[in-house]
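Notes for the one structure printed next.
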Amino acid sequence: MKKLNSFILVLLICFTVISVSCDKNNDIVLFSINNDISLGQQVAAEIESMPEQFPILERSANLEAYEYIENMMNVILASGSVSYRTEFPWKVNIIDDPEVLNAFATPGGQIYVYTGLIFFLEREDHLAGVMGHEIAHADQRHSSKQLQRQYGVSVLLSIITGGDPGLLTQIATSLGTLKFSRDAEAEADDYSVLYLADVNDFACNGAAGFFQKLLDSNSSSQPEFLSTHPSPDNRVEDINAKATEEGCDTSLGDDSISDYDAFKASLPQ
């Protein structure tokens, strides 16, 4: 009898998951939006509990910096191309590590940006392009799909329902180097252009500026999250081609340079 009840419970869980089988882009995702949100919030709490690995800047002590980057995120989220802008509890955190050129997103819209990336970039259009790219990973549910492939739906559901805390730690520590497919990376680049084109506050090809800066810097230690992705020069070309296709504004705002410099100056040096 107990085995029968357990079998029925598994069937009900599977039915619940499979019944929410498509996202807003008609891609199959065996994980509901509420599951995305729950997992993202649990991962965010786990990240917060590891200050040595993820030294997140406190909001109360860095109000100016957070006001700047939260405003940037909210402007991008105003794009009509963001599918889950009202469903996800979007939040951005700044990780204080000047040696790391990285940003990443959890399922459900938790965004993390390293100070190393912020200091590396020279214009807010470039940071906005990277932010748009990370928002796209969450919004197009790339993070969920990749974690689903890597761990399986049942494992992710067990974490949400209070399963193995060690797996939650593993997921939290792996998100910064999560290996997306080339198609997912290209899609996130394209959506970054679309988002910025919609809001018209930043150069719509801003993400290309990040990759161009990598090329110009000729750095031998590129960010780990680029290790299996299309090369920066190809991405500059593809992002600019998407901007041309959309016919959006690619002019960089010189007036924003001083604002971005003030933002960087407000961060711990």
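The values are calculated or read from the model by the stated rules, or taken from the named source; none is laboratory data. No experiment lies behind these values; they were computed from the predicted model shown. Every residue, glycine as well, gets a Cβ built from its backbone with ideal geometry; the counts of neighbours run over all protein chains shown.
Taking the conditions exactly as written (of a type in the set (D, E, K, R) and modelled with pLDDT under 95), does LYS24 satisfy them or not?
For LYS24, the condition - of a type in the set (D, E, K, R) and modelled with pLDDT under 95 - is met.
Looking only at segment 39-74, filter to residues that are surrounded by 19 or more Cβ atoms within 10 Å (Cβ to Cβ) and β-branched (Val, Ile, Thr); which one of those is nearest to THR106 (Cα to Cα)?
Only one residue tops the list, namely VAL43.
At pLDDT below 85, on the phi > 0 side of the Ramachandran plot and not in a helix (DSSP H, G or I) - does that describe any residue in segment 175-186?
No: zero hits.
Looking for whichever is farther than 23 Å from GLU48 by Cβ, surrounded by fewer than 21 Cβ atoms within 10 Å (Cβ to Cβ) and free of Cβ contacts under 8 Å to residues at least 12 places away in the same chain here; the options are ARG85, ARG149. Which one fits?
Exactly one residue qualifies, and that residue is ARG149.
Within segment 67-105, track down each residue that is assigned to a strand (DSSP E or B), in contact with a Ser or Thr (Cβ under 7 Å, 6 or more places away or on another chain) and not β-branched (Val, Ile, Thr).
Listed by number, the list holds a single entry, ALA105.
Within segment 33-66, which residues are touching a strand residue (DSSP E or B) at 6+ places or on another chain (Cβ under 9 Å), of a type in the set (A, V, I, L, M, F, W, C) and in a helix (DSSP H, G or I)?
VAL43, ALA44, ILE47, ALA65
Working only within segment 155-192, note down all residues that are without any contact (Cβ under 8 Å) to a residue 60 or more places away in the chain and of a type in the set (A, V, I, L, M).
Scanning segment 155-192 gives VAL155, LEU167, ALA184, ALA186, ALA188.
Across segment 250-269, which residue is surrounded by the most Cβ atoms within 10 Å (Cβ to Cβ) among those that are among the hydroxyl-bearing types (Ser, Thr, Tyr) and more than 24 Å from ASP189 (Cα to Cα)?
SER266
How many residues are more than 16 Å from ARG182 (Cβ to Cβ), polar (S, T, N, Q) and either modelled with pLDDT under 95 or surrounded by fewer than 14 Cβ atoms within 10 Å (Cβ to Cβ) (or both) if we restrict to segment 223-249?
Qualifying residue count, segment 223-249: 1.
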